1. So how many residues does the range 89-108 have that are of a type in the set (A, V, I, L, M, F, W, C) and not in a helix (DSSP H, G or I)?
2. Output the residues belonging to the range 70-95 that are closer than 19 Å to LEU52 by Cβ and aliphatic (A, V, I, L, M).
3. For the range 85-96, state whether one or more residues are in contact (Cβ under 8 Å) with a residue 40 or more places away in the chain and over 19 Å from the mean Cα position of the chain (by Cα).
4. Pull up the range 27-44, narrow it to residues that are in a helix (DSSP H, G or I), within 18 Å of LEU89 (Cα to Cα) and modelled with pLDDT under 85, then point me to the one that is farthest from the chain's Cα centre (by Cα).
5. Looking at GLN60, is it of a type outside the set (Val, Ile, Thr), in contact with a Lys or Arg (Cβ under 7 Å, 6 or more places away or on another chain) and surrounded by 11 or more Cβ atoms within 10 Å (Cβ to Cβ)?
6. Within the range 56-88, work out how many residues are assigned to a helix (DSSP H, G or I) and either modelled with pLDDT under 85 or of a type in the set (Val, Ile, Thr) (or both).
7. Give the residue, chosen from LEU89, LEU65, LEU73, that is of a type outside the set (Lys, Arg), out of contact with any Lys or Arg (no Cβ under 8 Å at 6 or more places or on another chain) and surrounded by fewer than 10 Cβ atoms within 10 Å (Cβ to Cβ).
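The values are calculated or read from the model by the stated rules, or taken from the named source; none is laboratory data. Since we're looking at a predicted model, the values are computed, not measured. Here Cβ is always computed from backbone atoms with ideal geometry, including for glycine, and neighbour counts include all displayed protein chains.
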Amino acid sequence: MSTRHVRNDSYVLGQNVAIVSYSSGRAQKNHKLATTGPYAYVRRPQYGAFVLVILGFLVQWPTILRSIMFSILLWRYKRLARKEEKEVLSEFGEEYSSYMAKVPRFILRPG
């Protein structure tokens with residue numbers, strides 16, 4: 001598989017997950033915990049989608065600066081996700097706690 005294919009696949013997959021995650025996230029506006037769609041597989045699908053898009057750009061235009069920025073982006077998203085999860089945990093309590101035990105934050109579990 002060529003670099004161009006990796007870049008394109010990463011970019012397109014990331015965009016699609018972001019779009020589906022955004023539409024699935026409407027449950028949060030109704031004060032319901034979103035656990036369907038992409039949220040059934042990972043707790044933060046938008047972050048994973050944005051990382052895939054940025055990874056596609058990094059593969060397309062690899063530079064030291066982009067590599068550094070990519071690393072900073074990963075670190076910041078991880079911190080933001082932890083902060084948001086504390087807020088959601090205080091709002092939804094045991095319901096979110098059991099969801100956290102079943103569903104990984106960013107990366108799909110095998111099996």
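1. Quick first cut of the range 89-108, residues of a type in the set (A, V, I, L, M, F, W, C) only: 89, 92, 100-101, 103, 106-108.
From what is left, the residues that are not in a helix (DSSP H, G or I) are 103, 106-108.
Qualifying residue count, the range 89-108: 4.
2. If the condition is that a residue be closer than 19 Å to LEU52 by Cβ and aliphatic (A, V, I, L, M), then ILE72, LEU73, LEU74, LEU80, ALA81 are the ones that fit.
3. Within the range 85-96 (the criterion being in contact (Cβ under 8 Å) with a residue 40 or more places away in the chain and over 19 Å from the mean Cα position of the chain (by Cα)), the answer is yes, since at least one residue qualifies.
4. Of all residues in the range 27-44, those in a helix (DSSP H, G or I) come to 27-30, 37-40.
Applying the additional criterion that residues be within 18 Å of LEU89 (Cα to Cα) yields 27-30, 39-40.
Among the residues that remain, those that are also modelled with pLDDT under 85 are: 27-30.
Working: ALA27: 17, GLN28: 16, LYS29: 19, ASN30: 21 Å.
Across the range 27-44, the extreme among qualifying residues is ASN30.
5. Working: of a type outside the set (Val, Ile, Thr): yes; in contact with a Lys or Arg (Cβ under 7 Å, 6 or more places away or on another chain): yes; surrounded by 11 or more Cβ atoms within 10 Å (Cβ to Cβ): yes.
Yes.
6. Restricting attention to the range 56-88, the residues satisfying the condition of being assigned to a helix (DSSP H, G or I) are 56-60, 64-88.
Going one step further and asking which of them are either modelled with pLDDT under 85 or of a type in the set (Val, Ile, Thr) (or both), we end up with 56-57, 59-60, 64, 68, 72, 88.
Qualifying residue count, the range 56-88: 8.
7. Working: LEU89 fails: surrounded by fewer than 10 Cβ atoms within 10 Å (Cβ to Cβ); LEU73 fails: surrounded by fewer than 10 Cβ atoms within 10 Å (Cβ to Cβ).
From the options LEU89, LEU65, LEU73, the qualifying one is LEU65.
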